[in-house]
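What follows is one structure encoded as structure tokens, with my remarks underneath.
Each reported figure results from applying straightforward, stated rules to the coordinates on display, with no laboratory input. This one's a predicted model, so the numbers in the text were calculated from it and none came from an experiment. Here Cβ is always computed from backbone atoms with ideal geometry, including for glycine, and neighbour counts include all displayed protein chains.
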């Protein structure tokens, strides 16, 4: 009896030690990404899954996590590695089957590096539809140029943003999020940046901005004068929250408007910036064809113009607060699979609303003020669009918005 008790206690102790080791070696700051549940819904439904997103936002971590749940670590392929790239440059489905074996799930990371990847995926998927392919890419123009037509009707595309504030609430309490707000506004939301101190964050951001930011554009679009790209980004960084004039940008850069428009399009497709179009119901003095530019990540924006000042003394706090709030709202909407039209609103006389969502036949309007708790709703907007819901979002209530 004593011996049996001893064995029982020994077994319990062994289990406790094993659990401790598992906890010890788990990534301390691992965050479950909200979009994972949407991706998992489409596993084994006869579709190739495409995960897009900027470099360093966590695509590899996410797909490896999916692979641990549903497949085997051996079926992860980094397509930037020369040996793997060469093995996968075939349109013979049986040769690909020999590479992948009987894998349930196959991950092709940075898949756009493979020549004719669209045809490669098509022929394999058509022959072996039960094998789930998940492919990632760090620029939409690279993937769309190489996948495009071959995968029409065969693929579902997802987009991974930098870490969201809502995702951080799984590891931080609300008061901790509020205390870190200055860091988010200054250093952004890239996974590696969030968990580093300020000095390391600046170094990492500068490296990211200079090393990765332009790589896909320069490589895939054969742009040789990268200085124009950098100057354009600097101008856009200063114009965050303002309407963008292609004409003024072309004058400042001394290049034609078509080139400026093309560069902006490429920066959007490489997930550096995005545009917000104006909302209009054709009222006489509404602006209807303008757009604003925002940065997917404020750390990148601040690195481009070398602005890492204390948040309380910055003269651009209004701009970056607006950028952060729109970023976080878009993450919330997209990560949860909601379908909403998003805009800003402005009149020729200068009346404006920072952000508008339109869905279910209703209009929801938001104004962003970091420190203020009141704002004046433009009378023309009230007269034209009430009973629209209108809210002020400041540093005291932003958690209910994101």
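Computed from the C-beta positions of residue 341 and residue 95, the FRET efficiency with R₀ = 60 Å rounds to 0.85. Peptides 316-324, 338-346, 56-64 ranked from most to least packed give 316-324, 56-64, 338-346, packing being the mean of other C-beta atoms within 10 angstrom over each peptide's residues. Largest first, the extents of the alpha carbon coordinates of the range 165-400 on the three principal axes equal 50, 48, 36 Å. Note on the range 46-96: semi-axes of the ellipsoid equivalent to its C-alpha gyration tensor, largest first and rounded to whole Å, are 21, 15, 12. The label point for residue 245 and the one for residue 258, both projected 7 Å from the Cα toward the Cβ, are 2.3 nm apart. Structural descriptor for the chain: relative contact order 14 percent, calculated from alpha carbon pairs under 8 angstrom and at least 6 residues apart. The protection proxy used here, the mean number of other Cβ atoms lying within 10 Å of each residue, ranks peptides 372-379, 131-138 as follows, highest first: 131-138, 372-379.
Only residues of the range 306-340 count here: report those whose backbone N is under 17 Å from the spot 7 Å along Cα→Cβ of residue 401, or say none. Counting only backbone N, you get 316-334. Between helix 226-238 and the chain there is an angle of about 60 degrees, using the helix long axis and the longest principal axis of the Cα atoms.
Treat the count of other C-beta atoms within 10 Å as a stand-in for reagent exposure and order 112, 125 from fewest to most. Provide the component values of the computation, followed by the final result.
On the way: 112 27, 125 22.
Exposure proxy ranking, most exposed first: 125, 112.
When peptides 292-302, 187-197 are sorted by average Cβ neighbour count within 10 Å, with the highest value leading, the order is 292-302, 187-197.
Sorted from fewest to most neighbouring beta carbons within 10 Å, what does the list 97, 395 look like? Walk me through the numbers on the way to the answer.
On the way: 97 15, 395 18.
The most exposed by this proxy come first: 97, 395.
Can you tell me what percent of all Cα-Cα pairs in the range 257-336 are more than 17 Å apart?
59
Segment residue 376..residue 166, full-extension length gain: 72.7 nm, with 0.36 nm per residue of separation and the alpha-carbon distance subtracted.
What is the ratio of the Cα radius of gyration of the range 36-159 to 2.2 N^0.38 Å, where N is its residue count, to two decimals? Could you put the intermediate results ahead of the total?
On the way: Rg = 12.8 Å, N = 124, 2.2 N^0.38 = 13.7 Å.
Rounded to two decimals, the normalised Rg is 0.93.
Which label belongs to the value computed from this structure, given these candidates for percent of Cα pairs over 31 Å apart: [x] 52; [y] 47; [z] 39? Evaluating percent of Cα pairs over 31 Å apart on these atoms matches [y].
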